[in-house]
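The values are calculated or read from the model by the stated rules, or taken from the named source; none is laboratory data. Bear in mind that the values here come from a model prediction, so they are computed numbers and not experimental data. Backbone-built Cβ (ideal geometry, glycine too); neighbour counts: all protein chains shown.
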Amino acid sequence: MAMTMTARQRARVSLYVQAGIFVVAMAALILATDWKTIGNSVFNFGKIGPMFPDIFVAGLRNTLIYTFLGFIVGLSGGLLLALMKLSSFPLYRWIATGYIEFFRGIPALLVFIAFGYGVPLAFGVSWDVTAVVMVSLGMVAAAYIAETLRAGLQAVPRGQMEAARSLGMPQWQAMVTIVIPQAFRIVLPPLTNEVILLTKDSSLIYVLGLTASQYELTKFGRDGISSLGAGLTPLLVAGAFYLVITIPLSLLARKFESRSARTKR
Amino acid sequence: MNDVVTNSRNHTGSLNAAGVSIQNLRKSYGANEVLKGISLDVAPGEVVCLIGPSGSGKSTLLRCVNLLEQPNEGTIHVGGFDATDPDVDIDRMRRKVGMVFQQFNLFPHLNALRNCTVAQTKVLKRSQSEADKVAHANLERVGLGHLADRYPDQLSGGQQQRVAIARALSMDPELMLFDEPTSALDPETVGDVLSVMRNLAKEGMTMLVVTHEMGFAREVADRVVFMDGGVVVEEGGAEQVISSPNQDRTKEFLKRVLDPTHIDITE
């Protein structure tokens, strides 16, 4: 009887055990690491000077441009697909469903290869890298954004459409002026997360042949691996730059979320 | 105030009142027939209250009038429109018919003023300044001119419902439909909404009101229609139907509504 613990005591002991396991695991990891080699090939910050300021001028700038263009295409395509998916016309629903399932089901990398190499071969055209990123990233993003927007559109209470129609607005006008603006507020947090995913997916452009001025962060980092002799360190730097973009976006998403939780409806 | 209202007939007055004529209306959801052949006339300028137990089809009937529900059979004439004609211009017809919902359905992303102007500019193609003027006049009319820049979530239920009435009035309707406008309200805000509706009735607006407010119906309605089980059981003058109903079902319903505590004790 004296050995039994209260629920609170049990929770505390469990917490200590978990912390202990974590500390032991970290210690083992640190001891097992070959710090000398790692210091030369991953944390070799002494040799990365030449990456600056180009990482801003080319890498960061291009990542932002590619992401933005992909997002614009993805957002417009996604809205169109979401409306098609909610259409009362079956053909539209089938097309939208097929598109969404297809592009969500295949690796984005394959889409980049298809548009970067396949389309030029098939049609005998060559197009700009920016256009390839814009279309590839945009078409993949459209599939994901469509599902997000569809959920948002369906979350707008039915009474909103009824009120707008009762005032004499045609269906499309009620959609554009009343329902869609409210849906966008609802999906702002997941949409921001979508931008984070796009930022990272823009790195897939590395499979295409790029000129230095077209390098985005990942390609820029890979290029640094071969030219700087600092091992993988340039990739580490590139990774840090992604965080510079994605962490503020993440905070923004959380802010939107708490705001929409405050103003219900 | 009253003079202003009646003189500006195009914007805040309701002298162009429309009537409604419903013939043998039927509406089913699957096998469930909600309206079983309803006929009802509302003369221009008349105020008719629809009363009855929940599930009796009152709201469905009201929603059929502006085609939020599509009737299966029968005809509805609203003003000059044959609502049940498949070729009717629904949007044009709805401009003439103001609708007030139980849940207000204000547009939460627009403030009170914009709620009242959005359809004026988009549908009636009024200029923004003209729409603002009309909206302000109608917000004033429901006693909320000072809250024009508030958003719906900054207003009480009663205030939201009055904005919803102002929004409908801003389209210069010839007929107003009210679907249990006070049922979702806190008791202390019901009075403000009812008094706005009372004034509207006095100004000669045609009104079709689904309500549980028997006091309001008796005082304001020209006629009261009692519905139960998808049919009109009894209709007549407000005082007659509510104070001395002829039908047993009407009597029983009114007894329960007017004196609910009494029933609880005897049961």
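For the reader, a short list of remarks on this structure follows.
- Restricting attention to region A:92-129, the residues that are more than 18 Å from the chain's Cα centre (by Cα) and more than 18 Å from A:GLU147 (Cβ to Cβ) total 17.
- In summary, B:ILE51 fulfils each of the numbered conditions (1) more than 8 Å from chain A (Cβ to nearest Cβ); (2) surrounded by fewer than 22 Cβ atoms within 10 Å (Cβ to Cβ) with the single exception of condition (2).
- Some residue of region B:68-84 being under 16 Å from the mean Cα position of the chain (by Cα), within 14 Å of chain A (Cβ to nearest Cβ) and within 27 Å of B:LEU155 (Cα to Cα): yes
- Restricting attention to region B:108-125 and to residues that are of a type in the set (A, V, I, L, M, F, W, C), assigned to a helix (DSSP H, G or I) and closer than 13 Å to B:ASP172 by Cβ, the residue that is nearest to the other protein chains (Cβ to nearest Cβ) turns out to be B:ALA119.
- When A:LEU197 is tested against (1) in contact (Cβ under 8 Å) with a residue 40 or more places away in the chain; (2) more than 30 Å from B:LEU67 (Cα to Cα); (3) within 14 Å of chain B (Cβ to nearest Cβ), exactly one condition is not met: (3).
- Single match in A:SER226, A:SER258 (criterion: within 21 Å of the chain's Cα centre (by Cα) and at pLDDT below 85): A:SER258
- Criterion: crowded, with 18+ Cβ neighbours inside 10 Å and more than 12 Å from chain A (Cβ to nearest Cβ) - qualifying residue of B:GLN159, B:GLN128: B:GLN159
- Residue satisfying all of: in region A:166-184; out of contact with any Leu (no Cβ under 6 Å at 6 or more places or on another chain) and more than 7 Å from chain B (Cβ to nearest Cβ); surrounded by the most Cβ atoms within 10 Å (Cβ to Cβ) among these: A:ALA174
- For region A:184-241, a tally of residues being over 29 Å from A:LEU149 (Cα atoms) and either small (Gly, Ala, Ser) or touching a His at 6+ places or on another chain (Cβ under 9 Å) (or both) returns 13.
- Within region B:45-69, the residues that satisfy the criterion of being within 13 Å of A:SER166 (Cβ to Cβ) and either polar (S, T, N, Q) or assigned to a loop (DSSP other than H, G, I, E, B) (or both) are B:ASN66, B:LEU67, B:LEU68, B:GLU69.
- Taken across region A:64-74, residues that are modelled with pLDDT of 90 or more, surrounded by 11 or more Cβ atoms within 10 Å (Cβ to Cβ), in a helix (DSSP H, G or I) and small (Gly, Ala, Ser) do occur, with at least one present.
- The helices (runs of 4 or more DSSP H) found entirely in region B:168-267 that carry 3 or more residues being in contact (Cβ under 8 Å) with a residue 12 or more places away in the chain and under 23 Å from B:ALA112 (Cβ atoms) are B:187-202.
- Check on A:GLN154, within 14 Å of another protein chain (Cβ to nearest Cβ), more than 23 Å from A:PRO248 (Cα to Cα) and surrounded by fewer than 22 Cβ atoms within 10 Å (Cβ to Cβ): no
- Criterion: surrounded by 22 or more Cβ atoms within 10 Å (Cβ to Cβ), modelled with pLDDT of 95 or more, in a loop (DSSP other than H, G, I, E, B) and not hydrophobic (A, V, I, L, M, F, W, C) - qualifying residue of B:ASN105, B:ASN138: B:ASN105
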